[in-house]
């Protein structure tokens, strides 16, 4: 899982607009919440507003990660912002990481018009209670459109990617599921000019 985080932003390709509004999804229960619902509330609905995620973390008393743990979420050599927390929702444990930086050379090559822009990424690492097929179905509902790539092998994980945007903003959603079909990682990455 550690190496999979490094690939989140690197797999993005140019795509058309992701024009679907955020979908409010119900949790299964307060004890066993749907991870896509948690992802929607903690990451997708907040990014690129890193301060909103920090405020949520403070209000909900999330446990901040130490510097070694934060390295897992680092997607550039010199992020301007790197934060992470352990989060308990009901009986489920998640890990949230958010980073903000300039575009990497690889992203700049793919999106030269965004060369001086900002990349903001928020990830939710799942516990192993989640069924991968249900996770992908719920992410499909959240994205509101077909993925631009599906079930692409990346080390021990298989990645499905949704993307879109316009001239000023690019949005990518990633769902990474291990071969076991349990657990995984959800990510939203937004590029801004």
In this structure, does residue 146 turn out to be farther than 19 Å from residue 121 by Cα, part of a strand (DSSP E or B) and more than 12 Å from the chain's Cα centre (by Cα)?
no
Please verify whether residue 138 is crowded, with 21+ Cβ neighbours inside 10 Å and either at pLDDT below 95 or farther than 16 Å from residue 174 by Cβ (or both), treating the condition exactly as stated.
yes
Segment 149-168, residues that are in a strand (DSSP E or B), without any contact (Cβ under 8 Å) to a residue 60 or more places away in the chain and either in contact with a helix residue (DSSP H, G or I) (Cβ under 9 Å, 6 or more places away or on another chain) or crowded, with 18+ Cβ neighbours inside 10 Å (or both):
150, 151, 158, 160
Subset of segment 86-116 [in contact with a strand residue (DSSP E or B) (Cβ under 7 Å, 6 or more places away or on another chain), touching a residue at least 60 places away in the same chain (Cβ under 8 Å) and within 23 Å of residue 70 (Cβ to Cβ)]
92, 97, 103, 107
Within segment 61-74, is even one residue surrounded by fewer than 20 Cβ atoms within 10 Å (Cβ to Cβ), part of a loop (DSSP other than H, G, I, E, B), on the phi < 0 side of the Ramachandran plot and out of contact with any strand residue (DSSP E or B) (no Cβ under 8 Å at 6 or more places or on another chain)?
yes
Consider residue 9 carefully, then state whether it is surrounded by 12 or more Cβ atoms within 10 Å (Cβ to Cβ), closer than 18 Å to residue 162 by Cα, modelled with pLDDT under 50 and in contact with a helix residue (DSSP H, G or I) (Cβ under 7 Å, 6 or more places away or on another chain).
yes
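The values are calculated or read from the model by the stated rules, or taken from the named source; none is laboratory data. Every value quoted in this text rests on a predicted model; they were computed, and no experiment measured them. For neighbour counting, all protein chains shown are included, and Cβ atoms are generated from backbone atoms with ideal geometry for every residue, glycine included.
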